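*Asks:* Have a look at the structure that comes next, please.
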């Protein structure tokens, strides 16, 4: 049987491609979705569809109420920043949609499950190119987490296993991620990227995440199969 | 106003002493209790009493269902190991009560709250002497977490702040922790250490945690004010 790996699956495009990459690498992916108080449960539903379509060995959705102390437009009541039509480049500063210590919490939970499964491999779809404003998406952060994780667990200490954090997308541009996903057979219509969908779950086409996604499809020369809100695309 | 610090507070003796040490260090402690699916809610109640008695600026109890994937006698249905009367030394192997990646999850949540508060200081009552079987209680693990955390957060990256993980108990024997707590005015009767209390919350006096606590009080020349189950002490 193939070795298990824990794949963090948000329901977004990047984590779906990451899941497909873990399968291609020869792992049996166990999908972990963390519901950290996102305002839109449509993300969780997307994660369920992606896990099912891509053949997860198991899919766990764990609730961790990171909104309990506030601190982000994604988990609080603040307005999500929108872009103008000609303003497609992310700002250099850290975005307001940053969730405090998010990837550290996500990777910690993945580490806990990995240890329970006897898995030594964790996949996360971080990307340091299009999201350079997030400190916890940088290679030096991931390396520091991996080093810490190798000291943290019973498995790595007592059994001599070497834990690895895989970040197959970390140095890819969005268009390259989309091309890779298309090659690996990812059905992008199942994925959800929008920070501000309407009541039926359709993406706004205007938030940072939609703008980056749409530019990525254009640059890759592919059509985004997702249906956007009227007049927004 | 004193600077804020996040203190991980379990309701046990060690974290209560750690909280008192944070106050003595000049911080305004914000207490964080993580309910990770412990079998005994008496621990959470103890944490509330300790936070109130020691004057927490705020006390948050966050539920993170780490039992969702099993893996420990503390969060599962397995029997808690007991000691014989003459067998007080912890075994060299990692105990069955180990919770996978527990301190990594706890510290990650503390980091998220610290960032939201604008705090750069986190306190955790780990101890590498009496709990040497836990990999995530060792100084090299804590240093690796601190290094990772300094790369992880908006505060540390964008604002040049230096995050610190404080472990005032890490090299103290249990008797020294108890002596320190007594000096700092900790009311030990509010704390709870037992892995296997009875229905009214009284400690068993026989599990690893009770055995270490009772030996600590004896070595410190102090009486444990907690009432144990009949015939167990």
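The values are calculated or read from the model by the stated rules, or taken from the named source; none is laboratory data. Note that the coordinates shown come from a computational prediction; the quantities given were computed from them, not determined experimentally. No Cβ is skipped: glycine too gets one built from the backbone with ideal geometry, and neighbour counts run over all protein chains shown.
*Asks:* Which members of the stretch A:34-68 meet the condition of being in contact (Cβ under 8 Å) with a residue 60 or more places away in the chain and either over 19 Å from residue B:34 (Cβ atoms) or in a strand (DSSP E or B) (or both)?
*Replies:* Of the residues in the stretch A:34-68, the ones in contact (Cβ under 8 Å) with a residue 60 or more places away in the chain are A:34, A:36, A:40, A:42-43, A:45-46, A:49-50, A:53-54.
Correct list: A:34, A:40, A:42, A:43, A:45, A:46, A:49, A:50, A:53, A:54.
*Asks:* Out of the residues in the stretch A:139-150 meeting the condition of being surrounded by fewer than 20 Cβ atoms within 10 Å (Cβ to Cβ) and within 7 Å of chain B (Cβ to nearest Cβ), tell me which one is farthest from residue A:102 (Cα to Cα).
*Replies:* Only one residue fits best here, namely A:147.
*Asks:* Based on what the data block shows, is residue B:219 in a helix (DSSP H, G or I), surrounded by fewer than 16 Cβ atoms within 10 Å (Cβ to Cβ), more than 17 Å from the chain's Cα centre (by Cα) and more than 14 Å from chain A (Cβ to nearest Cβ)? So that I can check it myself, show each step before the final result.
*Replies:* Details: in a helix (DSSP H, G or I): yes; surrounded by fewer than 16 Cβ atoms within 10 Å (Cβ to Cβ): yes; more than 17 Å from the chain's Cα centre (by Cα): yes; more than 14 Å from chain A (Cβ to nearest Cβ): yes.
So residue B:219 passes the test.
*Asks:* Another question, if that's okay. Among (1) surrounded by fewer than 20 Cβ atoms within 10 Å (Cβ to Cβ); (2) under 30 Å from residue B:102 (Cβ atoms), there is one condition residue A:189 misses while meeting the rest; what is its number?
*Replies:* (2)
*Asks:* Something else now. Given (1) out of contact with any strand residue (DSSP E or B) (no Cβ under 9 Å at 6 or more places or on another chain); (2) surrounded by 19 or more Cβ atoms within 10 Å (Cβ to Cβ); (3) more than 8 Å from chain A (Cβ to nearest Cβ), where does residue B:166 come up short, assuming only one miss?
*Replies:* (1) is the only condition that residue B:166 fails.
*Asks:* Let me confirm something: among A:16, A:53, A:31, A:22, which residue is modelled with pLDDT of 95 or more, on the phi < 0 side of the Ramachandran plot and over 15 Å from the mean Cα position of the chain (by Cα)?
*Replies:* Values: A:16 fails: over 15 Å from the mean Cα position of the chain (by Cα); A:31 fails: over 15 Å from the mean Cα position of the chain (by Cα); A:22 fails: over 15 Å from the mean Cα position of the chain (by Cα).
The unique qualifying residue is A:53.
*Asks:* Still on this model: Read through the list (1) at the interface with chain A (Cβ under 10 Å from one of its Cβ atoms); (2) at pLDDT 95 or above; (3) more than 12 Å from the chain's Cα centre (by Cα), then give the number of the only condition that residue B:106 fails.
*Replies:* (3)
*Asks:* Quick check on my filter: what residues within the stretch B:56-81 are touching a strand residue (DSSP E or B) at 6+ places or on another chain (Cβ under 8 Å) and modelled with pLDDT of 55 or more?
*Replies:* Within the stretch B:56-81, the first condition is being touching a strand residue (DSSP E or B) at 6+ places or on another chain (Cβ under 8 Å), and the residues that meet it are B:56-65, B:68-69, B:80-81.
Within the stretch B:56-81, B:56, B:57, B:58, B:59, B:60, B:61, B:62, B:63, B:64, B:65, B:68, B:69 qualify.
*Asks:* Separate question: So how many residues does the stretch B:113-132 have that are farther than 22 Å from residue B:25 by Cβ and either out of contact with any helix residue (DSSP H, G or I) (no Cβ under 9 Å at 6 or more places or on another chain) or at the interface with chain A (Cβ under 7 Å from one of its Cβ atoms) (or both)? Write out each step before concluding.
*Replies:* Within the stretch B:113-132, the subset farther than 22 Å from residue B:25 by Cβ is B:130-132.
Checking which are either out of contact with any helix residue (DSSP H, G or I) (no Cβ under 9 Å at 6 or more places or on another chain) or at the interface with chain A (Cβ under 7 Å from one of its Cβ atoms) (or both) leaves us with B:132.
Of the residues in the stretch B:113-132, 1 are farther than 22 Å from residue B:25 by Cβ and either out of contact with any helix residue (DSSP H, G or I) (no Cβ under 9 Å at 6 or more places or on another chain) or at the interface with chain A (Cβ under 7 Å from one of its Cβ atoms) (or both).
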